[in-house]
Amino acid sequence: MNTESSVRVRIAPSPTGNIHVGLARTALFNELFARKHAGAFIIRIEDTDKKRSKPEYEQAITEGLKWIGLTWQEGPDIGGEYGPYRQSERTRLYKEVLLKLVESGAAYICYCAPKEKGGGETHTCDCSVAPGDINTAKKYVIRLRVEPQKISFTDIIRGEVSVHTDSFGGDFVIARSVDDPLFHLAVVVDDALMNITHVIRGEDHLHNTIKHILLQRACGYSQPQYAHLPLLLDEQRRKLSKRAGETNLLAYRDMGYLPQAMLNYLALLGWAPKDNQEIFSHEELVQTFSLGDVQKSGAIFSIEKLKSINKHYIRQLSPAELFKQSKPFLEQQNIDISDEQHITAALVTEQERVTTLAELPEVVMFFLPGWEADYSPEMLVWKKSTPARTTELLAMLKDQLQDISADQYSADGLQDTLLAWIDTENLGRGDTLWPMRVALTGREKSPGPFEVAGVLGKEETLRRVTIAQEKITHANIS
Ligand code: GLU
């Protein structure tokens, strides 16, 4: 059998909160690795913390990963040959292993109060009880017997890692009872029974791996290969937390980031190809990504970088895609999008400038039939001009606009004709184009007047210039 095709990797998230961008990055690296080696990517839900685990968080995990375009071959939503894929549905399997470990003496029942946290001193006691003799009325834990020794393994990213068992206090707790396994036991059993070949997870688990190797040896399981990914840091190089910025992947969707931009950005969090290319499609990532190129040091989550990548992808959208992606944001602002052609033309005028899709509704507003000219007349006067001159120029402009046939109302057509006219008559571009833009949009910042007029068409453009003339005539500006 081709060994490449047997690659099996997984993520094992706990559904106890929103889908963190760090989890999305880990999922992506796993997915890319699996696809590159024609293997399987699996989602397994660690929901043993009954109080904190919630179905809606599990739903957010799969929704978030689908949003950025990841696919998996096995998981709680689609099943698979190695299921079930929720730890809460696998307690029977853990119990069997726990009983075997206690039976063989590799683990033992211990009535001492657990003192795991903090480590340091080595646990010794003479509680050792056979499974048949467990006094369930008394609170106990199950500990793995650990001979003091140095454990080493080769991490794909970090190279040789060696830790002495004294560093975590020797015999460690693997279950609170035969029916209540802890993370270390459950993860080792699941990885073994699901034939996981590579465990690709966050650096925060580096020390746990030593315990997992000890457990694998005690259970007679083979050891998967490990790759510990660098932590995500904020710009101050602190562990990325909610305090420093948004960590919920789906919040980025709601803020107007494109899924392909988010996927591309996540790939760069700790990984860079040798030639430092930055823009990658999902397919290109599958071809280029390699765990060997993942860095050891923490990866900085930079919102500015994400914005620039998002801007890039917004610019790449076809008009139809731009409309489709913007649709939820426009609808959220109750914008009537029934005239798809007109809305798309309006969106295109700002496509080059916006950083997120959430900026688009505001731009589209002044292209709508219900647009209200609620700007102040003063705004029509360019800073180097006067109200009287503006009044004159608006009148001349209107004549010009009248003379241009309706089929010439495109950004390019209007630009050629009007600039030639302004320059020949020596009217001054700022003097003329500023009032034209304000007349058409009512804003100090907007797309250029030719683009706007091109989308509005002749009739609406003239109507808006007339409104501007009336405003300035009736205003008492000195
Ligand atoms: N539930 C653990 C986490 O989310 C899984 C660790 C692992 O991948 O083994 O960090």
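Some points to look at:
- Among the residues making up segment 186-214, those that are closer than 20 Å to PRO76 by Cβ, in contact (Cβ under 8 Å) with a residue 60 or more places away in the chain and of a type in the set (A, V, I, L, M, F, W, C) are ALA186, VAL187, VAL189, LEU193, MET194, ILE196, VAL199, ILE200.
- All conditions in (1) within 13 Å of the ligand (Cβ to nearest atom); (2) touching a residue at least 40 places away in the same chain (Cβ under 8 Å) hold for ARG237, with the sole exception of (1).
- Any chance ALA227 is away from the ligand (no atom under 13 Å from the Cβ), among the small types (Gly, Ala, Ser) and touching a strand residue (DSSP E or B) at 6+ places or on another chain (Cβ under 9 Å): no
- Residues of segment 195-207 that turn out to be more than 7 Å from the ligand (Cβ to nearest atom), in contact with a strand residue (DSSP E or B) (Cβ under 6 Å, 6 or more places away or on another chain) and outside any loop (DSSP other than H, G, I, E, B), as a count: 4
- Note on segment 208-218: residues that are of a type outside the set (Lys, Arg) and more than 12 Å from the ligand (Cβ to nearest atom) total 6.
- Among the residues listed as THR71, THR91, the single one being polar (S, T, N, Q) and over 23 Å from VAL7 (Cβ atoms): THR91
- Screening ALA186, ALA192 for residues that are more than 10 Å from the ligand (Cβ to nearest atom), buried (at least 18 other Cβ atoms within 10 Å of the Cβ) and not in a loop (DSSP other than H, G, I, E, B) leaves exactly one candidate, ALA192.
- Matching residues, segment 38-72, being within 15 Å of the ligand (Cβ to nearest atom) and among the hydrophobic types (A, V, I, L, M, F, W, C): PHE41, ILE42, ILE43, ILE45, ALA60, ILE61, LEU65, TRP72
- Listed by position, the strands (runs of 3 or more DSSP E) inside segment 119-182 whose residues that are under 17 Å from SER104 (Cα atoms), modelled with pLDDT of 95 or more and aliphatic (A, V, I, L, M) number at least 1 are 141-144, 172-177.
- Condition met for GLU372 (more than 21 Å from the chain's Cα centre (by Cα), under 28 Å from ALA411 (Cα atoms) and of a type outside the set (Lys, Arg)): yes
- Cross-chain or 6+ apart pairs with Cβ under 8 Å, segment 284-299 first and more than 11 Å from LEU229 (Cα to Cα), then of a type in the set (D, E, K, R) and part of a helix (DSSP H, G or I): VAL286/ARG35; VAL286/LYS36; GLN287/LYS36; PHE289/LYS36; SER290/LYS36
- Residue check, ILE174 on the phi < 0 side of the Ramachandran plot, within 16 Å of the ligand (Cβ to nearest atom) and buried (at least 17 other Cβ atoms within 10 Å of the Cβ): yes
- Filtered residues of segment 429-461 (kept if in a loop (DSSP other than H, G, I, E, B) and touching a residue at least 24 places away in the same chain (Cβ under 8 Å)): GLY442, ARG443, GLU444, SER446, PRO447, GLY448
- Any hit, segment 390-410, residues being surrounded by fewer than 18 Cβ atoms within 10 Å (Cβ to Cβ) and within 41 Å of the chain's Cα centre (by Cα): yes
The values are calculated or read from the model by the stated rules, or taken from the named source; none is laboratory data. As the structure is a prediction and not an experimental result, all values here were calculated from the model. Virtual Cβ from ideal backbone geometry, glycine too; neighbours counted across all protein chains shown.
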